[in-house]
Structures are given as structure tokens and as C-alpha cells.
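Visitor: After the C-alpha cells below, expect a handful of questions from me.
Bear in mind that the values in this text are calculations on the coordinates, not laboratory data. As the structure is a prediction and not an experimental result, all values here were calculated from the model. Cβ placement follows ideal geometry from the backbone for every residue including glycine, while neighbour counts extend to all protein chains displayed.
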Amino acid sequence: MTRPIIRGAVYPSVCPLVYRKGVTSDLAAAVLAGGASRRFGSDKALLSLPDGRTLLAATVEKLRRLSTEVLLVVDRAGRYAELGLPVREVIDRTPGAGPLGGLHAALSAALADRVLLVGCDMPFLSPDLLAYMADLPRTYDALVPVSAGRSHPLHAIYARACLPAADRLLDAGERRLQALLPLVRTREVPPEEWERFDARGLSLFNLNGRADLARMQAVWAESQP
């Protein structure tokens, strides 16, 4: 059954641009880092940022501001053990199942009933935007930002209630998170909400190819005094 999309509310522009929420234990956070990075040409998680950290380490640091339970979903045990990250490793037991398989692994392993899911290739994640999303009323199964008519399911929060639909999709050979959204109660976060925390939408930006790396470096350069 296809479920309706729940549109986000429109908030007045006087709302604060900075949103601070304390670290919580009722929401897990998970980083998907089990991909092969074929289009990028090297492991995106190990990309060295201008400040010397790896992209994966920087992502974990941001998620730890939001949750006491940070999961690292990988395709094999110990893949990033040398980084010594403060995470709980979760092995994706369905190799080749893509992001949908990674979400299934995270929801199955999490102690909390909801999981904030991000990719390991998102250099500009906004902790304020993520905290805002985490604090919204939990009347949804999936909470997903949208931009220019496109949803961003790798910058989203999912409830454990998504597991049955994810199971059916995986059994049918589906790998895309996009396919899950019509099957569960999805609440969109429209631009008029997220732009208050991230006017340029950089939190939604991810590294797919080398051209994206050039854009990332340009944004970093802009931020320097």
C-alpha cells in the first residue's frame, strides 16, 4: 500500500537560525560506510579534510553531539578499526543490498527505536539541522529533507516500523532507499524549514565523483578568513 507523504509545516522566518539540542539516548545515529566508492575512485570515508581529520572521523564527531549511540555500518568487520572511532560497528549481513540493506542493518542493531541515517561522504553535515530534525514530533516513520523536488534519504531519520517494508523490498531485490518512502509514513522537511539552518543546502551535499571533491574544496576555501 502506498502511504501519503506528510508535508512539513511552514515556520515564520523569525525562528532562530541556531538550534541546540542535548545528546540523546532515544535516537541512534548511523553512518553508512560499506560502499566501494567506485565512482569516486578511492575510499571516500578516508578522505583527508583540510583540517587533517578523515571525513569519517569528522562525521562521527558531529553525530556524537546528537546521540549516545553511534553505529558504523560496514560490509566487513574491522574495516575502519585503525581509526579508533567511538562507534559500535554493525556488519551489513546482506552484501550488495545498497543503502536499503544498510538501513535495515542499522534499524535491526540499534537500541533506540529510531535511527538518524547519513552517508560517510557528506562533508558539510549541519549539527543544528540534524538536531532540529531529531526534535520534531515523531508522528512519522521516515523524516526526509526535500530539495528541488528531490528527497534526500541519506540525511534522514527512520523508525523501526520501517523494517517490514524494508524486508519486502530487499526480498524483491530492491536496493534504493527511495523505494521505501512511499510504503511508510514519510514526513518531508521542505526547504522553508531546513534553509533556516543551512541556507545553501550544504548539509545535503555528498561526494559522488571527483567533480564533487572540487566543489568541496572550493567551499572550504570560501570559509577561510
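Visitor: Per DSSP helix of 4 or more residues, -39500 (n - 2.57); summed, then divided by the residues of the chain. What does that give at 222 nm, rounded to the nearest 500?
Guide: Mean residue ellipticity at 222 nm (helix-derived): -7000 deg cm²/dmol.
Visitor: Taking a label point 7 Å from the Cα of Trp220 along the Cα→Cβ vector, which residues of segment 101-122 have an amide N closer than 15 Å to it?
Guide: 121-122
Visitor: In the neighborhood of Leu111, defined by Cβ-to-Cβ distances under 15 Å, what is the net charge if each Lys or Arg adds +1 and each Asp or Glu adds -1? Working shown, then result.
Guide: Working: positive: Arg88, Arg114, Arg160; negative: Asp26, Glu69, Glu89, Asp113.
Residues near Leu111 contribute -1 overall.
Visitor: Can you list residues from other chains, or at least 5 along the same chain, whose modelled amide H is less than 5 Å from the amide H of Val90?
Guide: Under 5 Å from the amide H of Val90: Leu72, Val73, Val74.
Visitor: Could you tell me what percent of the DSSP beta bridges with both partners in the chain are antiparallel, to the nearest 5?
Guide: 35 percent
Visitor: I've got another one for you. Find how much the distance from Arg176 to Asp26 grows on full extension, using 0.36 nm per residue of separation minus their present alpha carbon separation; answer in nm with one decimal.
Guide: 51.4 nm
Visitor: Anyone know which of Ala211, Ala30, Ala109 comes out most mobile in the 10 Å Cα GNM of the chain?
Guide: Ala211
Visitor: What Rg and what Dmax come out for segment 37-162 when only alpha-carbon atoms are used, in angstroms?
Guide: When restricted to the Cα atoms of segment 37-162, Rg and Dmax are 14.4, 40 Å.
Visitor: Check each of the trypsin sites (Lys or Arg not before Pro) in segment 150-225 and keep only those in coil by DSSP with at most 12 other C-beta atoms within 10 angstrom; list them in order.
Guide: Passing sites in segment 150-225 are Arg176, Arg200.
Visitor: I would also like to ask the following. When the expected Rg is taken as 2.2 N^0.38 Å, what fraction or multiple of it is the alpha-carbon Rg of segment 91-225?
Guide: Here the answer is 1.09, to two decimals.
Visitor: Hey, fewest Cβ within 10 Å first, where do Glu188, Glu82 land in order? Before the final figure, lay out each step's value.
Guide: Numbers: Glu188 17, Glu82 8.
Listed from fewest to most nearby Cβ atoms, that is Glu82, Glu188.
Visitor: If you take all C-alpha pairs in the chain, what percent of them are over 26 Å apart?
Guide: More than 26 Å apart: 33 percent of the Cα pairs in the chain.
Visitor: Please give the residues of segment 74-104, grouped as numeric ranges, whose backbone N is less than 12 Å from a label point set 7 Å along the Cα-to-Cβ vector of Arg53.
Guide: Inside the label zone: 86.
Visitor: Using modelled amide H (1.01 Å from N, peptide plane; none on Pro or chain starts), what sits under 5 Å from the amide H of Glu69, excluding residues fewer than 5 places away?
Guide: Under 5 Å from the amide H of Glu69: Ala29.
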